[in-house]
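Chemist: The structure under discussion is supplied below as structure tokens; questions concerning it will follow.
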Amino acid sequence: GAFYVQGNGSGIRPDTNYQHFPEYNGMTGVPGQWVFMGDPLATMVNARGEPADTDGSRAITFDPIHNGGAPSFIVNSLTLNLFEGIGDNFTLNGAVDFVPRNRDPSDPNGIDLGAYIDVRLAYGEWIVPTNNWDLSLYVGKFDSVLGIEYRSQDAANRLTVTPSLICRYTCGYPIGVKARAKFFDEKLILNTAITNGSSFVEMFPFSDEIGLTDMKSGSARLSYRFPLGAGLEFGVSGLWGAQNNQTSNTVYQYQYGGDVSLDWHDIIVQGEVLHGNAEGAGTGNPMDPPCNIAPCLNFTGAYGLLGYRLFNWLTPYARVDYRDALHRSGASFVYISDLMRTTGGLHFEIGTNFILKAEYTHIIELGRVPQFNDDVATSSFVIKY
């Protein structure tokens with residue numbers, strides 16, 4: 001692909017002099033340069049959800065592209081999907097991304113390889129022989145059960161170039177066990193999972209693959225599909241468990257939301273709404289800043305996506321998404337995110353093996369967060385075989 005992001009490529013700016021959020025000044029406050037306004041993942045440029053730059057972010061420290069938003073070509077990933085059947089009812093599934101990124105070999109302190117490997121999926125599925133209903137059991141590292149956006153994460157399956165603002169909460173690949181049951185000719189579907197933690201993407205904090213607590217996280221989604229076009233589906237989902245990346249069994253996080261999808265004639269509609277909270281922990285001493293033992297996060301978000309198959313090979317689309325979140329970690333940092341994005345794009349399918357996508361995103365900071373330049377123009381050329 002190729003991309004360009006306005007400004008310095010980042011979706012955040014520091015409130016250095018507490019000009020906009022003076023309440024974080026004082027003895028239990030955060031240094032002004034660590035009060036961040038905006039969203040570090042707002043300037044995503046590819047299906048992996050990587051921003052062009054995070055510009056000194058203290059929460060999202062992994063900055064694989066880190067080019068300041070300058071116009072650039074990029075190889076987003078080389079993805080290998082694995083599938084093998086064992087007998088009639090058991091399959092092994094895997095997905096690995098090989099990701100080429102920057103490295104300065106002349107830097108004596110540079111120990112990173114630049115390119116890295118991301119094992120996204122590694123699970124076994126057993127289709128349980130049943131009568132009148134379907135049941136599948138999973139073990140390993142699998143897709144989330146929350147919402148619907150996880151179904152189209154891969155660039156080859158995604159209508160858009162980039163994910164929504166709330167994909168970070170539902171598009172991760174948790175590790176554990178999962179069951180999926182289908183009833184009434186697959187109209188009613190129940191997905192449940194017990195996992196080490198949440199379904200947050202690995203790039204975003206509050207995600208961990210290895211469990212640090214005895215308590216695990218439970219998640220579920222219940223949906224019903226109506227026979228309209230290729231299907232009109234409504235779903236509700238939620239998660240509850242011990243908060244990720246901390247060791248207490250009594251520090252909780254939860255989220256819940258609803259979703260809808262429709263594929264009717266040439267119209268594609270998809271939408272989700274989501275709310276969640278990670279309660280965090282502090283010392284309880286009024287002289288100490290809150291959330292100084294475990295970070296706190298409260299978020300609400302939503303998106304709506306509309307596409308129209310103008311021709312077999314061309315689908316224009318538009319998306320509007322929104323996120324309002326407060327993320328704090330003691331005196332280390334605070335993020336105030338209140339923004340909306342409007343995205344328009346074109347999806348070209350060139351035969352069965354080639355897809356070309358281009359989109360432009362306008363980012364609007366809301367509330368007390370001042371407007372700054374961070375619009376994104378990006379594209380993706382997908383070759384699948």
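The values are calculated or read from the model by the stated rules, or taken from the named source; none is laboratory data. Predicted, not measured: the structure shown is a model, and the values here were computed from it. Every residue, glycine among them, receives a Cβ derived from its backbone with ideal geometry; neighbour counts consider all protein chains shown. Just so you know, the surface numbers come from the protein's heavy atoms only, side chains and all, with ligands and any DNA or RNA stripped out. Shrake-Rupley method; radii C 1.70, N 1.55, O 1.52, S 1.80 Å.
Chemist: So, by mean Cβ neighbours within 10 angstrom, what's the order for 337-347, 175-185 with the highest one leading?
Modeler: Those peptides, ordered most packed to least, come out 337-347, 175-185.
Chemist: A further question follows. Determine the distance separating the Cα centre of the stretch 317-339 from the Cα centre of the stretch 208-266; give it in Å without decimals.
Modeler: Using only Cα atoms to place each centre, the spacing works out to 20 Å.
Chemist: OK, next. When all protein chains stay in place, what accessible area (Å², nearest 10, 1.4 Å probe) is found for Cys291?
Modeler: Approximately 20 Å² for this residue.
Chemist: Now for a separate question. What are the ³J(HN,Hα) couplings of the stretch 195-204, residue after residue, when phi is run through the Karplus curve with 6.51, -1.76, 1.60 and θ = phi - 60°? Round to Hz, x for glycine and proline.
Modeler: Once rounded to whole Hz, the list reads 9, 4, x, 7, 10, 5, 5, 5, 5, 8.
Chemist: At most 16 other Cβ atoms within 10 Å and a DSSP loop assignment: could you name the GluC sites (Glu not before Pro) in the stretch 135-213 that fit?
Modeler: Qualifying residues, ordered by number: Glu186, Glu202, Glu209.
Chemist: Normalising by the residue count of the stretch 291-385, find the relative contact order in percent from Cα pairs under 8 Å and 6+ residues apart.
Modeler: 22 percent
Chemist: Report the local net charge at His362: Lys and Arg +1, Asp and Glu -1, summed over other residues whose C-beta lies under 12 Å from its C-beta.
Modeler: So the surrounding residues net to -3.
Chemist: Continuing with this model, one more query. Determine the relative contact order of the stretch 191-260: mean sequence separation of Cα pairs under 8 Å and six or more apart, normalised by residue count, in whole percent.
Modeler: 30 percent
Chemist: I would also like to ask the following. Based on the mean of other beta carbon atoms within 10 Å per residue, what is the order of 367-378, 29-40, most packed first?
Modeler: Going by the mean number of other Cβ atoms within 10 Å, highest first, we get 29-40, 367-378.
Chemist: Which entry is the computed P(r) over Cα pairs in 10 Å bins from 0, in percent for this structure: [x] 5, 23, 36, 25, 9, 1, 0; [y] 4, 14, 18, 20, 19, 15, 7, 2, 0, 0; [z] 5, 21, 32, 28, 11, 3, 0?
Modeler: [z]
Chemist: Now a separate question. Of the accessible area of the chain, with the probe set at 1.4 angstrom, what percent is carbon plus sulfur?
Modeler: 60 percent
Chemist: Could I ask something else about it? Under a plain spin-label model, where a point goes 7 Å from the Cα along Cα-to-Cβ, how far apart in nm are Phe348 and Leu82?
Modeler: If labels sit at Phe348 and Leu82, their model points lie 3.5 nm apart.
Chemist: A follow-up question, please. For Tyr360, what accessible surface area do you get with a 1.4 Å probe? Give it in Å², rounded to 10.
Modeler: My reading of the accessible area for Tyr360 is about 100 Å².
Chemist: Right, here's the next one. With springs only between Cα atoms under 10 Å apart, run a GNM on the chain and tell me which of Ala42, Ala358, Ala70 wobbles the most.
Modeler: Ala70
Chemist: How many Å² of accessible area per residue for the chain, probe 1.4 Å?
Modeler: 47 Å²
Chemist: Normalised by the residues of the chain, what does the relative contact order come to in percent, with Cα pairs under 8 Å and at least six apart?
Modeler: RCO, the chain: 15 percent.
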